[in-house]
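The values are calculated or read from the model by the stated rules, or taken from the named source; none is laboratory data. For clarity, every value in this text was computed on a predicted model and none was experimentally measured. No Cβ is skipped: glycine too gets one built from the backbone with ideal geometry, and neighbour counts run over all protein chains shown.
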Amino acid sequence: MLESRTAMQIPFQDVDMFRIVWHGNYPRYLEVARCQLLDIIGYNYKAMEASGFFFPVVDMKLRYVRPIEFEQQIIVVSRLKEWQNWLKIQYDIIDASTGVRLTKAVTRQVAVSLSSRTMLDESPQILIDKVEDALAANR
C-alpha cells in the first residue's frame, strides 16, 4: 500500500470564534497530503499535466470525528486505495501526540484528457505504471 504522513500545525486563520477548525478548511489539509502522496508515486500534478491529463476531484466524503483546535499538531495519513479506473485516496487526520483519529475522509479523482477535455473511463497507462513502480519500490 502506498501511504504518506503529512504533519501540520493548525494556524489561527483556519479556526472559528471557538478556536475550532472551520469545516471548509479540511479539504485544504487533504490536498496538501494528496500532493505529498502523488510525489511518492512519482506522478504529481505537474507530471500529470506534462503527460496530457489532469485529475479533478469528483467526489469527497468527510466524517468529522472530533474537533481540531488552534495550534493542534496533526498528521494527515493518506493511502492510495484504487487507481485502475480513478484515484481513490483514503485519509485519516490524527492527533500527532496521541494518535487519536480526528477526521476520516475519502476523495475520488478521474482522469481528464487535456486536449479533448473528456473524462476517461479508466486511468491512463502512465498512472498505472507509476503506481506499480512505486509499489514495487516499497516492497
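Given the conditions (1) within 30 Å of Ala137 (Cα to Cα); (2) in contact with a strand residue (DSSP E or B) (Cβ under 9 Å, 6 or more places away or on another chain), report the number of the one that Pro67 does not fulfil.
In the conditions (1) within 30 Å of Ala137 (Cα to Cα); (2) in contact with a strand residue (DSSP E or B) (Cβ under 9 Å, 6 or more places away or on another chain), Pro67 misses (1) alone.
Which of (1) without any contact (Cβ under 8 Å) to a residue 12 or more places away in the chain; (2) touching a helix residue (DSSP H, G or I) at 6+ places or on another chain (Cβ under 9 Å) is the odd one out, the single condition Phe18 does not satisfy?
Result: Phe18 passes all but (2).
Can you say whether Phe70 is in contact (Cβ under 8 Å) with a residue 40 or more places away in the chain and closer than 16 Å to Asp129 by Cα, as far as the supplied structure shows?
No; evaluated as a whole, the condition is false for this residue.
Across the stretch 120-135, which residue is nearest to the chain's Cα centre (by Cα) among those that are more than 14 Å from Gly42 (Cβ to Cβ) and of a type in the set (Asp, Glu)?
Here the answer is Glu122.
What residue, among those in the stretch 87-126 that are in contact (Cβ under 8 Å) with a residue 60 or more places away in the chain and among the hydroxyl-bearing types (Ser, Thr, Tyr), is surrounded by the fewest Cβ atoms within 10 Å (Cβ to Cβ)?
Ser115
Check Val76, Val58 and return the single one that is part of a strand (DSSP E or B) and crowded, with 16+ Cβ neighbours inside 10 Å.
Val76
Counting only residues that are polar (S, T, N, Q) and assigned to a helix (DSSP H, G or I), which one in the stretch 25-47 is farthest from Ile89 (Cα to Cα)?
Asn25
Considering each residue of the stretch 1-24, count those that are more than 30 Å from Asp129 (Cβ to Cβ) and either part of a helix (DSSP H, G or I) or modelled with pLDDT under 95 (or both), and give that number.
Qualifying residue count, the stretch 1-24: 5.
Among the candidates Tyr29, Tyr43, single out the residue that is within 12 Å of the chain's Cα centre (by Cα), closer than 29 Å to Leu127 by Cα and touching a residue at least 12 places away in the same chain (Cβ under 8 Å).
Exactly one residue qualifies, and that residue is Tyr29.
For Arg28, only one of the following conditions fails: (1) surrounded by fewer than 18 Cβ atoms within 10 Å (Cβ to Cβ); (2) touching a strand residue (DSSP E or B) at 6+ places or on another chain (Cβ under 9 Å); (3) at pLDDT 95 or above; (4) farther than 14 Å from Pro67 by Cα. What is its number?
Going through (1) surrounded by fewer than 18 Cβ atoms within 10 Å (Cβ to Cβ); (2) touching a strand residue (DSSP E or B) at 6+ places or on another chain (Cβ under 9 Å); (3) at pLDDT 95 or above; (4) farther than 14 Å from Pro67 by Cα one by one, Arg28 breaks only (2).
Please verify whether Gln84 is in contact (Cβ under 8 Å) with a residue 12 or more places away in the chain, under 30 Å from Ser123 (Cβ atoms) and not in a loop (DSSP other than H, G, I, E, B), treating the condition exactly as stated.
So Gln84 does not fit the description; no.
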